[in-house]
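The values are calculated or read from the model by the stated rules, or taken from the named source; none is laboratory data. Worth saying up front: this structure is predicted, and the values here are computed from it rather than measured. Note that each Cβ is placed from the backbone with ideal geometry, even for glycine, and that neighbours are counted across all protein chains shown.
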Amino acid sequence: MPDHESPDEPGRTSRRGALECMIWAGTGLLWSLEGGLPSAVGLTRALAADKPAAPFTFLQISDSHVGFNKPANPDALGTLREAVARIRQLPEKPAFIIHTGDISHLSKDREFDDADQILRETGLPLFFVPGEHDLLDDERGRSYLDRYGKGSRGAGWYSFDRQGVHFIGLVNVVDLKAGGLGNLGADQLDWLERDVAGLASSTPVVVFAHIPLWTVYPEWGWGTQDGARVLATLKRFGSVTVLNGHIHQIIQKVEGNVAFHTARSTAFPQPAPGTAPSPGPMKVPAGELRGVLGITSVSLVRGSEPLAIIDTPLAG
């Protein structure tokens, strides 16, 4: 199991609906589960909250790109350190952290070492899935798997249970072609079907992978070519939340009982789909980086109605 403590035994939780509010933070995303259903609480709000956090929370971080030092953010390690400092100030600690890939920028041992040192300052269990930048070594991701893939299958996929919620970490960045869509492959998809076969349809499911599992912008490779099979496998479940990174910005949608969310990077922004010749690190004017890595509040309405989003800059 790719964390550092044994996961809790799955429990039974009544489905009472999700929290009314979700807040997104560019430097991290605090997820809370109430009645077994995930919603998000931004770090800024969580730090200022008078009331204790919900009984079960977890944190999402994505696209740290440790080792990146170009003009879009000359100190990617520093902004990751800033995110971790916020986590450590939370009055109620989350149960664990999910990192949705691109921990490193070039898969160098030094980059992984630096990321590990900072992330472990949280004192929390850590779960990872790789991004394409984590699999650039000559041994098809051996450096990543040796560090983060213990107990996983194949290229690093796995599942675990907490508080009656089933978590599934998928890998869609193996043999990724430049500008090409992500792919999962038959072996992983067959494993997924077996993994969820024994679960009751009332079990809340959280899926996390690096590249979005739905097609955000195919011209830039922002999607997963066989992601539809994942959604078909999970169609029978009443609550499915899909968490991704890769595109360094928040895009969300809801299809039936499936809610899709992409997270901002802790390193640098990327342009909105189609607004630039190609994706890549986007430089913003001096002093505005943390404004781009802002906070987005999302109100979740019970049922299948769409989410309402309000963006607030982190530096505002």
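Key figures for this structure:
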item: Residue list for segment 89-107, restricted to those being surrounded by 17 or more Cβ atoms within 10 Å (Cβ to Cβ) and either touching a Cys at 6+ places or on another chain (Cβ under 7 Å) or part of a loop (DSSP other than H, G, I, E, B) (or both); result: LEU90, PRO94, ALA95, THR100, GLY101, ASP102, ILE103, HIS105, SER107
item: Residue in segment 155-164 that is under 20 Å from VAL242 (Cα atoms), touching a Leu at 6+ places or on another chain (Cβ under 7 Å) and among the small types (Gly, Ala, Ser) present; result: yes
item: When residues of segment 229-244 are limited to those that are small (Gly, Ala, Ser) and modelled with pLDDT under 95, the one nearest to VAL206 (Cα to Cα); result: SER239
item: Residue check for ASP187: farther than 30 Å from LEU119 by Cα, modelled with pLDDT of 95 or more and touching a Gly at 6+ places or on another chain (Cβ under 7 Å); result: yes
item: Residue list for segment 245-275, restricted to those being of a type outside the set (Asp, Glu), at pLDDT below 90 and more than 21 Å from ILE98 (Cα to Cα); result: VAL254, GLY256, ASN257
item: Selected residue (only one of SER104, SER143 is at pLDDT below 95 and among the polar types (S, T, N, Q)); result: SER143
item: Near pairs, Cβ below 6 angstrom, 6+ apart or cross-chain, from segment 123-141 (farther than 16 Å from GLY101 by Cβ) to any residue that is of a type in the set (D, E, K, R) and part of a loop (DSSP other than H, G, I, E, B); result: PRO125/ASP3; PRO125/GLU5
item: Restricting segment 252-262 to residues that are part of a strand (DSSP E or B) and surrounded by fewer than 18 Cβ atoms within 10 Å (Cβ to Cβ), the residue that is farthest from the chain's Cα centre (by Cα); result: GLU255
item: Top-ranked residue of segment 224-251 - restricted to ones that are more than 24 Å from LYS283 (Cβ to Cβ) and among the β-branched types (Val, Ile, Thr), ranked as surrounded by the fewest Cβ atoms within 10 Å (Cβ to Cβ); result: THR233
item: Close pairs (9 angstrom Cβ cut-off, 6 or more residues apart or separate chains): over 9 Å from VAL66 (Cβ atoms) in segment 111-122, loosely packed, with under 13 Cβ neighbours inside 10 Å anywhere; result: ARG120/HIS4; GLU121/ARG88; THR122/ARG88
item: Checklist (1) surrounded by fewer than 24 Cβ atoms within 10 Å (Cβ to Cβ); (2) modelled with pLDDT of 90 or more; (3) farther than 21 Å from HIS133 by Cα applied to TRP220, failing item; result: (3)
item: Output for segment 195-242, where each listed residue is in contact (Cβ under 8 Å) with a residue 60 or more places away in the chain, out of contact with any Leu (no Cβ under 8 Å at 6 or more places or on another chain) and closer than 19 Å to VAL173 by Cβ; result: HIS210
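Residue by residue, here is whether (1) of a type in the set (D, E, K, R); (2) under 19 Å from the mean Cα position of the chain (by Cα); (3) modelled with pLDDT of 90 or more holds:
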{"position": "PRO2", "(1), (2), (3)": "no, yes, no"}
{"position": "LEU37", "(1), (2), (3)": "no, yes, no"}
{"position": "GLU111", "(1), (2), (3)": "yes, no, yes"}
{"position": "LEU119", "(1), (2), (3)": "no, yes, yes"}
